[in-house]
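Input: a single structure, listed below in structure tokens.
The values are calculated or read from the model by the stated rules, or taken from the named source; none is laboratory data. The model shown is predicted, which means the values in this text are computed figures rather than measured ones. Here the Cβ positions follow ideal geometry from the backbone for every residue, glycine too, while neighbour counts run over all protein chains shown. SASA here: full protein model, heavy atoms, side chains in, ligands and nucleic acids out. Shrake-Rupley method; radii C 1.70, N 1.55, O 1.52, S 1.80 Å.
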Amino acid sequence: MRKSFGDKIIDGIIVFFMAIIVIIMVYPLWNTLITSFNEARDSMKGSLYLWPRKWTLFNYQSVFKTDKIFKAFIVSVARTLITTIVGVFISGLFAYVLSRKEFIFRKFLTTFMIMTMYINAGLIPQYFLYRNLGLINNFWVYVLPGLVGAFNVVVIRTYINSLPASLVESAKIDGASELKIYFNIIFPLCMPVLATVALWVAVGSWNSWFDSFIFAPKQELSTLQYEMMKILSSSMQSGVKQPDYLAESHTSRSTVTPNSLRAAMTMVATVPILVVYPFLQKYFVTVNIGSVKE
Amino acid sequence: MKSKRILTMLLVAVMIITVFSACGPVVTSPDTPAPTTAAKPKDGDTPAPGTDGDKLEPITFTMFVAGPGEAPPADNKIVQKIKEITGVTIDYEFLVGDMEQKVGIMIASGDYPDLIGAGQARGRFLNAGSFAALDDYLPNYPNLWKHYGDYMDRLRSVSNDGKVYILDIWSRQYWLNDGEDDFYEADYNGPAFWIQKDVLAWDGYTYPKTLDEFFDLLERYYEAHPTIDGQPTLPFEVHSQDWRSFCLKNAPQHLIGGRNEGDVVVDPDTLEVEIYQNKWYAKDYYKKLNEVYKKGLINPETFTRNYDQYLNVISNGRVLAMFDQQWNFQDGEFVLISEGKINRTYVPLGISYDGTPVPYNRVRNEGIIGGNGMGISIECKDVERALQFMDTLLEEDVHRLMYWGIEGEDYYVDANGRYRRTPEQKANFDNPDWRLANAGLVIGDQFPKLEGRYSNGNSTGAGTQPEERLENQFDYDKEFYQKYGYYTKSDFLPLMDHPGYPEVWSIFSTMEDDNIAKPIFDQITDLQNRYLPDVIMSTDFEAAWAEYAQRYESVDYPALEAEIERQIQMSLYE
Amino acid sequence: MFNKSAKGNFLDEVRKQKALILISVPYFVYFLIFSYLPLWGLTMAFQNYKPQLSFFEQEWIGFTHFRNLFTDPDFYRVMRNTLGMSIINLVLSFVTAIAFALFLNELTGPFFKFKRVVQTISYMPHFLSWIIVCGLVSNALSMDGGIINELLLATGLVKNKIHFLGEASYFWWIVGFTNVWKSMGWNSIIYLAAITSIDPALYEAAAIDGYGRFGRMWHITLPGIKSTIIILLILNAGWILNAGFEVQYILGSNGLVLDVSETIDIFVLKRGFGRSGGFAFGTAAGMFKTVVSVIVLTLCNKIADWVGEEKLI
């Protein structure tokens, strides 16, 4: 299809605005990156815009000073992978069930599920529940509570609803079982929305530290984010009264501030998860419905 | 339809069952902190308290610290040495997120660690009965008894039932000669009007004693130096973000000579308490600020600067003066020091209304004040062993390991028997990551410790060793202080005797939860934070102040005053 | 008679849908356990809750917490702020994310690679913590060399620098646009996914009918993702009282804008801070928010039904 002259102008305008957006959107991360490579005390002076003034790797050394962070990294990867893979499969299945207009419990189950988004019992009863389930200081406390999210199910269901209803009907006539319809027809067609949900679940799981803090503070179960929160919060000590016994001469360059540490940590925690998206992008293409039908 | 009803009933039934089965906390009523059951070692071979002659069975204590910090790696050499000596490993958990949530859950569930660094959560833990009473144990441990024996009343004063639950970990001073060592007190880092040394030097090493003289000097210096290092000069900063708004609010109490109590002043004779943010000495202060604001000595952006931006402008050397506590802006000062701009660092001024310098918060050390430390939880697996561990930490040899390190590696002893450090050893200690991996401070900081002098006359830490401190002083500072006949920046303020009760702001952290003072205190804090910046920036000061004062009258602050008076009476030292 | 046959039909249906029901059971149990079981904790809202006491030892105080909440002189102010910022956020974030997705979708052919780059970069701010983003926002808005003021001065749009963060009237919009900055790319992902379900044949047909680029966006793409938009709008409307607290807290905790910056979440945190009653008060406030959510949700669902759009339930 050849583009007209007018189309080309529109293309130009869109590309121009997108370029501006790219600059605005890339800047925060860029600023964080240069802060992470700049000496902490120098950063405190501000006006750090485009390039580090005093290069250092010390901020990163402070993040990686013990091997705890590597163990925590493995825990984080494990929880993210398991939650994402299992979560997406079973959320999709439930979404399929709820998309079936003739299902007699559809209304009830949908309401029952959606309500969970808006009710909040609070932390203390949640703690008791997990304790009774044996989830305190247990790896599965990272996985189970976030496995099926109502929001995700609704989003997938909406997508399924937008597919031609005839797909399911003709499969039923062919005598296919529900699970078979889900796995063979619905699942492949839903790749774009499932990829989106996978991204949500993965990012949520990767970024969370609160569940470690409250439910699994044990060192062996520490996650990357929790380990970083620990380093960060201990660096805040200098904001509180400094003990008198330290005769620091304060000329030392090997020092960190909460801000420089936060910058380095953000880079360490963000880069692995940023990589996920381009990988998922390949599922963001129109699926040929005809090909699945056959 | 019916299926719906069945499901609903099922749901209700399940919920009822859970309420009755699942939710009870491990109930431990607060008045029976049974040390006898929890403390007994398994097979009865109680190690003799205080002495650790035989090989001790290894034991691990879990410890929660309600404050920031970082656990040392297991291969830290001092941690290993102390493990060899005591057989004890401490498994730390430092607070990372919200204290209320973490502590609330700990209390509700009864899932306590063995040891608890109470920090700001002490009131929470005390009211919940989380600690084991230690009164009967302490006399059995010679070092602990020497440490606390004289202060039992103060330790008891924090609890409601008059027992010892929290062992103070700071401020137990061991001096050689009483009083004589005061010169070696640590640098003052509390509240004051802090002013750049360069401003005073420019004026011929003067000492402004009143607000008028102070702002007059700032104005003259500002006229002569409209920019500093190419950036606009900021004559006076009033930081007012969030909880750091003490920079905005706390000056008036000092201008009439008071200590840092927070939002009240206490009459030193009658111990009567007065809220001061609506009194004449507050009004006069804000009126002065309003006046200098109109002259351009205060930049309006000072009220919206976040903490980072505040440190920005300080570390650029552009701020001539501010009311603040030194620890709050010291990170900015460190930058100035590392760039050699010693003349842009600050000294405190004891400005007052009547023109004689007042002490602000330079208060003679009162030793142990009670409540500021750690406790042993009611779930502790072995109370006696824990106390014995702490007793051992108070041995001079063990203490030296934690605070000086290993002789020959981390410090050396000179010909006069004084502990000194080579520049390299100093540099190591300056590096927080090195300290975490190689020093024992992490242990020491959480437990009772010696402060002051060892029996051989050396200081209990490098920071208070006189030779080390003088060596660290910059030439600029030495000369600067000499012009005034001073030795340190602390000397800019007179020294005040301790008034005999804890600072009022700290009383709030041990108050019971439903104390009536708390909501009233919230209201006045809100009011002050919301109105004072407007008052300072207003074109018509009197009208703005009148509105603020009128709003103030709608708050029941006399009830707050009465309650604080009662609390002070309760916590008076003997 | 009628009942019986209805019951018969019902059982018939159950038999026919055995597979669907069997699949649903584990989900039902899952939500029951993880979301509904802990609801006993809502009783806290009616107690003078003390964590050290067991359930049976708590003191019951009826609606005191609710009374405290609703009679607090600041309650209506924080409700106004919450609703104001919530609505601004909702509108801004929906409009920007949808528009962004639509235009991104137009990057085809030679720009396909560029599209992926833009997409990947646009969602980066989402990964930065609020404290970093807000720090950059305060710096950009500062009068002390902040880029926004410098640009406004340079282009002659203003004569004097503007004290953005000290001016109450700007605050809600600053929060709104900060949200857009952080989340626009992230929020657009779902629309990009939804666009993939549009049948390509529709575009070809539209081209033949003589629709231009914008015509196709308006008549094909937008209707194609309408159901997703509506569903997300309903779900988000349910969170109308969650205007957030981090941005407002970091950017707005100075005396000059406190009046307009405090949301209900900040208010509840403040009132509950430093006392164990905080848990109970927070629970009471949470219950209030749930009730509002249910009402708004039901309303929106009804409206969607009336206008014949995809319903949530």
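Do we have C:Ile121 as under 29 Å from A:Leu33 (Cα atoms), within 14 Å of chain B (Cβ to nearest Cβ), at pLDDT below 95 and buried (at least 19 other Cβ atoms within 10 Å of the Cβ) here? Against the criterion (under 29 Å from A:Leu33 (Cα atoms), within 14 Å of chain B (Cβ to nearest Cβ), at pLDDT below 95 and buried (at least 19 other Cβ atoms within 10 Å of the Cβ)), C:Ile121 does not qualify.
Looking across the stretch C:23-41 at every residue that is open to solvent by 40 Å² or more (accessible area, probe 1.4 Å) and facing chain A (nearest Cβ under 9 Å), the one that is farthest from the chain's Cα centre (by Cα) is identified as C:Pro26. The set of residues in the stretch B:259-302 that are among the acidic types (Asp, Glu), part of a loop (DSSP other than H, G, I, E, B) and in contact with a helix residue (DSSP H, G or I) (Cβ under 7 Å, 6 or more places away or on another chain) comprises B:Glu261, B:Asp263, B:Glu272.
Restricting B:Asp391, B:Asp324 to those that are in contact with a Cys (Cβ under 8 Å, 6 or more places away or on another chain), modelled with pLDDT of 95 or more, buried (at least 21 other Cβ atoms within 10 Å of the Cβ) and not polar (S, T, N, Q) reduces the list to B:Asp324.
Please go through the stretch B:184-211 and give me each residue that is free of Cβ contacts under 8 Å to residues at least 60 places away in the same chain and among the acidic types (Asp, Glu), ordered by number. Talk me through it step by step, then tell me what you get.
Within the stretch B:184-211, the subset free of Cβ contacts under 8 Å to residues at least 60 places away in the same chain is B:202-204, B:206.
If the condition is that a residue be free of Cβ contacts under 8 Å to residues at least 60 places away in the same chain and among the acidic types (Asp, Glu), then B:Asp203 is the only one that fits.
For the stretch B:77-92, the count of residues that are closer than 30 Å to C:Ser54 by Cα and within 14 Å of chain C (Cβ to nearest Cβ) is zero. Looking only at the stretch C:183-205, residues that are assigned to a helix (DSSP H, G or I), crowded, with 17+ Cβ neighbours inside 10 Å and among the small types (Gly, Ala, Ser) come to 5 in all. Restricting the stretch B:225-258 to residues that are among the aliphatic types (A, V, I, L, M) and either in a strand (DSSP E or B) or within 13 Å of chain C (Cβ to nearest Cβ) (or both) leaves a set whose member that is surrounded by the fewest Cβ atoms within 10 Å (Cβ to Cβ) is B:Ile228.
Looking only at the stretch C:13-33, residues that are within 16 Å of A:Thr116 (Cα to Cα) and outside any helix (DSSP H, G or I) come to 0 in all. Checked against the criterion of being without any contact (Cβ under 8 Å) to a residue 60 or more places away in the chain, surrounded by 18 or more Cβ atoms within 10 Å (Cβ to Cβ) and within 8 Å of another protein chain (Cβ to nearest Cβ), the stretch A:66-88 contains one or more residues that satisfy it.
Which of the residues spanning the stretch A:114-128 are over 16 Å from B:Gly104 (Cβ atoms) and more than 22 Å from the chain's Cα centre (by Cα)?
A:Met115, A:Ile119
Within the stretch C:232-246, identify whether any single residue is within 14 Å of chain B (Cβ to nearest Cβ), touching a residue at least 12 places away in the same chain (Cβ under 8 Å), assigned to a helix (DSSP H, G or I) and within 29 Å of C:Val175 (Cα to Cα), and answer yes or no. Yes, the stretch C:232-246 has at least one match. Residue count for the stretch C:246-265, restricted to those that are closer than 25 Å to C:Ser188 by Cα and surrounded by fewer than 21 Cβ atoms within 10 Å (Cβ to Cβ): 1.
Which members of the stretch A:95-109 meet the condition of being part of a helix (DSSP H, G or I), at the interface with another protein chain (Cβ under 9 Å from one of its Cβ atoms) and within 15 Å of A:Val168 (Cα to Cα)? A:Tyr96, A:Val97, A:Leu98 - these are the residues of the stretch A:95-109 that are part of a helix (DSSP H, G or I), at the interface with another protein chain (Cβ under 9 Å from one of its Cβ atoms) and within 15 Å of A:Val168 (Cα to Cα). The condition (being more than 14 Å from chain C (Cβ to nearest Cβ) and open to solvent by 10 Å² or more (accessible area, probe 1.4 Å)) is satisfied by just one residue among B:Gly149, B:Gly119: B:Gly149.
The residues in the stretch C:90-133 that are outside any helix (DSSP H, G or I) and without any contact (Cβ under 8 Å) to a residue 12 or more places away in the chain can be counted, and the count is 3.
Taking (1) surrounded by fewer than 17 Cβ atoms within 10 Å (Cβ to Cβ); (2) within 30 Å of the chain's Cα centre (by Cα); (3) assigned to a helix (DSSP H, G or I) in turn, C:Phe56 satisfies each apart from (2). Among residues of the stretch B:408-426 that are assigned to a loop (DSSP other than H, G, I, E, B), those with a Cβ under 8 angstrom from a residue that is open to solvent by 50 Å² or more (accessible area, probe 1.4 Å) and among the hydroxyl-bearing types (Ser, Thr, Tyr), sequence gap 6+ or separate chain, pair up as B:Arg421/B:Tyr412; B:Thr422/B:Tyr412.
Of the residues in the stretch A:167-183, not one is within 25 Å of A:Leu274 (Cα to Cα), away from chain B (no Cβ under 14 Å) and surrounded by fewer than 17 Cβ atoms within 10 Å (Cβ to Cβ). Of all residues in the stretch C:46-60, those being of a type in the set (A, V, I, L, M, F, W, C) and either in contact with a Leu (Cβ under 9 Å, 6 or more places away or on another chain) or within 11 Å of chain B (Cβ to nearest Cβ) (or both) number 3. Quick one: in the stretch B:86-111, of everything that is polar (S, T, N, Q) and more than 18 Å from A:Ala121 (Cα to Cα), which residue is surrounded by the most Cβ atoms within 10 Å (Cβ to Cβ)? Applying the filter and picking the extreme gives B:Thr86.
Do we have B:Asp178 as over 24 Å from B:Ile568 (Cβ atoms), outside any loop (DSSP other than H, G, I, E, B) and at pLDDT below 90 here?
Considered against the rule, which asks whether it is over 24 Å from B:Ile568 (Cβ atoms), outside any loop (DSSP other than H, G, I, E, B) and at pLDDT below 90, B:Asp178 comes out as no.
For the stretch C:125-140, the criterion of being surrounded by 16 or more Cβ atoms within 10 Å (Cβ to Cβ) and more than 29 Å from C:His163 (Cα to Cα) is satisfied by no residue at all. Every residue in the stretch B:404-455 that is open to solvent by less than 20 Å² (accessible area, probe 1.4 Å), modelled with pLDDT of 90 or more and of a type in the set (D, E, K, R), please. If the condition is that a residue be open to solvent by less than 20 Å² (accessible area, probe 1.4 Å), modelled with pLDDT of 90 or more and of a type in the set (D, E, K, R), then B:Asp410, B:Arg421, B:Lys449 are the ones that fit.
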